[in-house]
Amino acid sequence: MKNGNCPKCGSGEVYSGVELILKGGPFASNSIPVSLTSLAPIDNYVCVTCGYVEHYISDPSKLKEIAKKWDKAGSEEDEEQAKE
């Protein structure tokens, strides 16, 4: 979607929130928690034709932090939680 084309419907009507001012910081709603004291700002891409949305971490340093602090998907612990 970063190229402006929707992978679901093929539309070129894709809009980006990359330039949003309040996507990071303590009062940001356009971020995800990485840990108790850390947030990762998100860039959103939305197709206004079909409503499909993709999200990307906008700060590359947060990717390493997520890899250190989060459980890897597909791990035994992750599979056990999915069964519950």
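The values are calculated or read from the model by the stated rules, or taken from the named source; none is laboratory data. If you're wondering where the values come from, they're calculated on a predicted model, not measured in any experiment. Note: ideal-geometry Cβ built from the backbone for every residue, glycine included; neighbour counts use all protein chains shown.
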Task: Number of positions in segment 18-38 that are surrounded by 15 or more Cβ atoms within 10 Å (Cβ to Cβ) and either in contact with a helix residue (DSSP H, G or I) (Cβ under 8 Å, 6 or more places away or on another chain) or at pLDDT 95 or above (or both) - done: 4
Open item on the list: Could you list, ordered by first residue, the pairs with Cβ atoms under 6 Å in which the first is in segment 48-63 and more than 12 Å from Ser38 (Cβ to Cβ) and the second is part of a loop (DSSP other than H, G, I, E, B) and among the basic types (Lys, Arg), at least 6 apart or interchain?
Closed with: Cys50/Lys8; Tyr52/Lys8
TODO: State which residue is nearest to Cys9 (Cα to Cα) when the search covers only segment 40-62 and only residues that are modelled with pLDDT of 95 or more and of a type in the set (A, V, I, L, M, F, W, C).
DONE: Cys50
